[in-house]
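See structure below.
The values are calculated or read from the model by the stated rules, or taken from the named source; none is laboratory data. The structure displayed is predicted, hence computed values, not measured ones. Cβ sites come from the backbone with ideal geometry, for glycine too, and all protein chains shown count toward neighbours.
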Amino acid sequence: MTELIDIPDAEDGWEPASSTRPDRRNPAWQSSMFQNATWPLSALALLSVDLDAVARRLRLTLETSWDGHGQLRAAFFVLDGTDFVVTHHEGDAPGTHVWTRKGGPTGSAERVARLLAALGVGPEAVSYSTWGAGTDLSRMPDAWWRGRTKPVSSRQEFWDGFKKRPGMYVGHVSFGTVTAFLTGYDFAAGGVLLDGFRDWLACRLGSGWNVVYPALVVDVAFPDGRPAEPWSEEEDQHAVRELFRLLDEFFEHLAGTPLAGPGPAGGSDDAG
């Protein structure tokens, strides 16, 4: 059985999370299950803290509902710009499951860190997580495997394998085949790979928020203008290398690793 960690009660002066006062001190803003019924959610972490203690700390109102796995209690709230859901199914081992809405460039580790800070606990409260090198998915609680036929690798694990041997996935490696495969993988995986990549590129370029990410990568790869088609083999492989370099930088950004700056084109020597 997971040993739970105590968390402090609400700070003095914190209003209920459902309060709409403009001068509120509570960092969490609560919304209802009804308001969020259509959210696509991603599992984020299991915390070794009691759900009732989380509710007391953030002054949340727990709502009771059910799904195909039985009764559950949950609270939907926004904390520092991130949509969170904390849940616990009746009959599951003690602890609080944390979910987040898909969307936005903020990395999972940073989202968890913000929540832990608001709860007044440290990283030792994280029993399991779904992101990061070395994450042990084999010991996930039974509730997290419902409906799954096999373990799901993290985004980082997939990307590390793909960039080393892209030909194993796409056959002939070209900018078109690589972007098509990554786009399809991202769609099938519910947006876990490229979520926020387009916005990150648009921020770098200062424009292009309504443009697909391959076009933005081409703008970075060829600052003097897109080459006339058909591209030469050299131009095509240069675009692939730039794509890989930019994705590496993007994932480093999500992980909170400081970037060294644009610099010269890099990428994987195996891209071709």
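Taking the criterion of being closer than 15 Å to F250 by Cα, surrounded by 15 or more Cβ atoms within 10 Å (Cβ to Cβ) and modelled with pLDDT under 80, would at least one residue in region 145-153 satisfy it? The answer is no; no qualifying residue exists. On the stretch given as region 48-87, residues that are among the charged types (D, E, K, R) and touching a residue at least 40 places away in the same chain (Cβ under 8 Å) total 6.
Of the residues making up region 119-144, those that are at pLDDT below 85 and in a helix (DSSP H, G or I) are P123, E124, L137, S138, R139, D142, A143, W144.
From the list A10, A28, A17, A45, the lone residue that is out of contact with any Phe, Trp or Tyr (no Cβ under 7 Å at 6 or more places or on another chain), closer than 25 Å to P123 by Cβ and at pLDDT 80 or above is A10.
Rundown of residues vs (1) modelled with pLDDT under 80; (2) of a type in the set (G, A, S), yes/no style:
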position	(1), (2)
P40	yes, no
D52	no, no
A55	no, yes
V78	no, no
G81	yes, yes
V85	no, no
E90	no, no
